[in-house]
Amino acid sequence: MVDRPLGDERGVQGDRSCSYWTREQTESITREATNVAPIIDPPQTRLDEDLHIWDTWLLRDRYGEVTTVDGWQVAFSLTAPADMLPSDRHDVASIRYFYSRDGKQWECGGELFDDDAYGQRQWSGCALYDDGDLYVFYTAVGHSDDVETTDTQRIAGATTASVTAGSAEVVIDGPWTHEILLEPDGNWYETEDQSGGLTYTFRDPWFYEDPETGEPCLLFEANAPVTDETPVCGDDTAGRQYNGCVGVAVSPTGDPLEWELRAPLLVGACVNHELERPHVVHHDGHYYLFISTHKHRFAPGIQGYDGLYGWVAASLHGPYRPLNDSGLVVTNPADAPFQLYSWMVYSHDEELLVHSFLNYLDFEGESLEAIAELPETEQTQRFGGTLGQTLRVGVDGDRTEILGTLDHWHLPTGDESLPEPVEDT
Ligand code: FRU
C-alpha cells in the first residue's frame, strides 16, 4: 500500500497502483435529501413512439465538454423497436443520433451506422468532435458471423468527416471507418473465459483528454481479476466475483484510434460487479469520475441502490476518494427505486447537469431483476424508454446535492443560463 490521503484506498493491481471502492465506504450508502431524485413522471409523449431509447451521450470535445456542430447539439442513444419486450432490447441495440437547435426539441436523424459496424449489435460509448472529424467509440457486442446471440464485448471506434449541419437538420451519413481498438488482456482486465459466472464486462468507452496534462485517455467498464493479494478483499471469497473496475487506456501518439491498456483507475473488488459508463468531468479544478450501477450488482452483504456514484481526485489517474464518503451522488426514491438509470454528467453554468433514461416506473420490486416476474404487458407498460428529466446537482469539493430538475430532454449547453433552482415537492 502506498501513502494515501484520508478516505482513499490505494493498492496495487498488476504492477500499477490504483484506487479502490471499499466495503467500509459503502456502509454509508443511505438515501438522503441531497441524493434522492424526485418522482419523475413520464413525458406526455415519448420523443419517438416507435423506439425504446436508453443510454444516451452528447457530442463532446477532446476535454469532455459538450460541443455543437454549427450551433446544433447532437446526442446519440441506444435504441430498439418499441414493440419489443424492454428486457430484450440489449440483444438488438443500435445507435441512433438526434439533433437539436435549442437543447429542448430533438429530432431523430436515424441509425448512425450501416451494416459494417463491428458486432451483432452496438452498446454504449461516446462521441468526439474534433477539427471537423467525428469519432464514435462504441461497444461491439457479439461477432457479426455468430449464429447465436453472444455477449462478447470489444471496444471499437468509427470515424467519419461527413457531418453536414444545414439550416434545418444535421446529417451524419458516413462513410465510416471502423476499427477494433481494445480487448481485455487477462492481466489487468478479465477476459470472457476468466469471468466466474457473473456477466463479464468490457465496454462503454469514454474518450477524455486530460486538460491539465494533454494526455488522451479512453476510460471503459471492465472487471479486474481478484487475487489473494487484492488488498481490500481479505477472506471474502463470496464477494470475489464482484470485481467491477474503471479501466483506462492511453494514446502515446495522441491518435484517438491508437490505445495501450494501463492499470484500472478504480477497482470495486468485493464491492460491485459493474461500474458502468465511467466518465470524467473536470470541474472547479478537480477531476470527478462517475459511474452508474444497479442494486443487484453489489456484492452479498452490501446495501446499495441503483444510482450514480462518483469520486474526486486532484489528477486524472487518482488517487480517487468517494463523493459524500460512500460514492452515492444520485439515486431514486424508495417508492420508485428503478425509475432512472444510466446517468451522465456534464458541467454547465457552475453546476453539474445529469441526464438519464426512464427505466422501470412504478415498480417497487426487491431488485430490478424481479421485473422479469411480471407479465410481459406490464413490463412494457412500466418501461419509460426515453430520457427522464435532467437533474441539476451542486458540487463543493467532495460533497454534492441535488438542486432541482429541468424538463425531459432539456440539455442546456453554451451560454444558456439556468433559472434559480425551485425545490421539487
Ligand atoms: C447501461 C448498460 C451499458 C451497456 C448498455 C447495454 O445501461 O448496461 O453498460 O453498454 O446498457 O444496453
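The values are calculated or read from the model by the stated rules, or taken from the named source; none is laboratory data. Predicted, not measured: the structure shown is a model, and the values here were computed from it. Backbone-built Cβ (ideal geometry, glycine too); neighbour counts: all protein chains shown.
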| message | Exactly one of these conditions fails for residue 382: (1) farther than 18 Å from residue 55 by Cα; (2) of a type in the set (D, E, K, R); (3) more than 19 Å from the chain's Cα centre (by Cα); (4) buried (at least 17 other Cβ atoms within 10 Å of the Cβ). Give me its number. | response | (1)
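Any residue at all in the range 319-330 that's under 24 Å from residue 75 (Cα atoms), touching a strand residue (DSSP E or B) at 6+ places or on another chain (Cβ under 6 Å) and in contact (Cβ under 8 Å) with a residue 24 or more places away in the chain? Reasoning before the result, please.
Taking the range 319-330 and keeping what is under 24 Å from residue 75 (Cα atoms), we get 329-330.
With touching a strand residue (DSSP E or B) at 6+ places or on another chain (Cβ under 6 Å) added as a condition, the list becomes 329-330.
Adding the requirement that they be in contact (Cβ under 8 Å) with a residue 24 or more places away in the chain leaves 329-330.
Yes, there is a match, as at least one residue in the range 319-330 is under 24 Å from residue 75 (Cα atoms), touching a strand residue (DSSP E or B) at 6+ places or on another chain (Cβ under 6 Å) and in contact (Cβ under 8 Å) with a residue 24 or more places away in the chain.
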| note | In the range 190-207, anything touching a Pro at 6+ places or on another chain (Cβ under 6 Å) and more than 16 Å from the ligand (Cβ to nearest atom) is listed as 191
| Could you list, in sequence order, the residues of the range 153-196 that are among the aromatic types (Phe, Trp, Tyr) and either under 30 Å from residue 105 (Cβ atoms) or part of a strand (DSSP E or B) (or both)? | 176
| query | Of all residues in the range 398-425, which are modelled with pLDDT of 90 or more, touching a strand residue (DSSP E or B) at 6+ places or on another chain (Cβ under 7 Å) and exposed (fewer than 14 other Cβ atoms within 10 Å of the Cβ)? | reply | 407
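Filter the range 337-374 down to residues that are over 24 Å from residue 418 (Cα atoms) and either surrounded by 24 or more Cβ atoms within 10 Å (Cβ to Cβ) or at pLDDT 95 or above (or both), then give me how many there are. Walk me through how you get there before you give the answer.
Here is the first cut: in the range 337-374, the ones over 24 Å from residue 418 (Cα atoms) are 337-339, 359-374.
Pick out the ones that are also either surrounded by 24 or more Cβ atoms within 10 Å (Cβ to Cβ) or at pLDDT 95 or above (or both) and you get 337-339, 359-360.
Counting residues in the range 337-374 that are over 24 Å from residue 418 (Cα atoms) and either surrounded by 24 or more Cβ atoms within 10 Å (Cβ to Cβ) or at pLDDT 95 or above (or both) gives 5.
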| remark: Output for Cβ contacts, cut-off 7 Å, separation at least six or different chains, first residue assigned to a helix (DSSP H, G or I) in the range 363-388, second of a type in the set (D, E, K, R), reads 368/295; 368/306; 382/362
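Yes or no: the range 331-349 includes at least one residue that is of a type in the set (Val, Ile, Thr) and closer than 27 Å to residue 380 by Cα. Show your work before the answer.
The initial filter retains those residues of the range 331-349 that are of a type in the set (Val, Ile, Thr), namely 331, 345.
Of the ones still in play, those that are also closer than 27 Å to residue 380 by Cα are 331.
So far as the range 331-349 goes, yes, one or more of its residues are of a type in the set (Val, Ile, Thr) and closer than 27 Å to residue 380 by Cα.
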| Any idea which residue in the range 89-110 is nearest to residue 174 (Cα to Cα), counting only those that are of a type in the set (D, E, K, R) and either buried (at least 22 other Cβ atoms within 10 Å of the Cβ) or within 16 Å of the ligand (Cβ to nearest atom) (or both)? | 96
| query | Can you tell me which residues in the range 329-354 are of a type in the set (S, T, N, Q) and not in a loop (DSSP other than H, G, I, E, B)? | reply | 331, 342, 347
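Would you check if residue 243 is within 16 Å of the ligand (Cβ to nearest atom) and more than 22 Å from residue 337 (Cα to Cα)? So that I can check it myself, show each step before the final result.
On the way: within 16 Å of the ligand (Cβ to nearest atom): yes; more than 22 Å from residue 337 (Cα to Cα): yes.
So residue 243 fits the description; yes.
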| request: Just give me the residues in the range 262-295 being more than 10 Å from the ligand (Cβ to nearest atom) and basic (Lys, Arg), in sequence order. | output: 262, 295
| What number goes with the only condition from (1) without any contact (Cβ under 8 Å) to a residue 40 or more places away in the chain; (2) closer than 30 Å to residue 144 by Cα; (3) touching a Gly at 6+ places or on another chain (Cβ under 8 Å) that residue 97 does not pass? | (1)
| said: Just the residues that are touching a residue at least 12 places away in the same chain (Cβ under 8 Å) and either surrounded by fewer than 20 Cβ atoms within 10 Å (Cβ to Cβ) or closer than 21 Å to residue 128 by Cα (or both), please, taken from the range 215-233. | reply: 215, 216, 217, 218, 219, 220, 221, 229, 231
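Any residue at all in the range 128-143 that's hydrophobic (A, V, I, L, M, F, W, C) and outside any strand (DSSP E or B)?
The initial filter retains those residues of the range 128-143 that are hydrophobic (A, V, I, L, M, F, W, C), namely 128, 134, 136-137, 140-141.
When the remaining residues are screened for being outside any strand (DSSP E or B), the result is none.
For the range 128-143, residues hydrophobic (A, V, I, L, M, F, W, C) and outside any strand (DSSP E or B): absent.
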| message | I'm checking my understanding of the structure. Among residues of the range 213-233 that are touching a strand residue (DSSP E or B) at 6+ places or on another chain (Cβ under 8 Å) and among the acidic types (Asp, Glu), which one is nearest to the ligand (Cβ to nearest atom)? | response | 221
| task | Could you check, for the range 131-143, whether at least one of its residues is within 15 Å of the ligand (Cβ to nearest atom), modelled with pLDDT of 95 or more and under 12 Å from residue 176 (Cβ atoms)? | result | yes
| message | Six or more apart or on different chains, Cβ atoms under 8 Å: show the pairs whose first residue is in the range 63-81 and outside any strand (DSSP E or B) and whose second is within 15 Å of the ligand (Cβ to nearest atom). | response | 64/279
| message | Can you pull out every residue in the range 49-62 that is out of contact with any Leu (no Cβ under 9 Å at 6 or more places or on another chain) and within 25 Å of residue 279 (Cβ to Cβ)? | response | 51, 57
| Regarding residue 55, is this residue part of a strand (DSSP E or B) and either more than 16 Å from the ligand (Cβ to nearest atom) or modelled with pLDDT of 95 or more (or both)? | yes
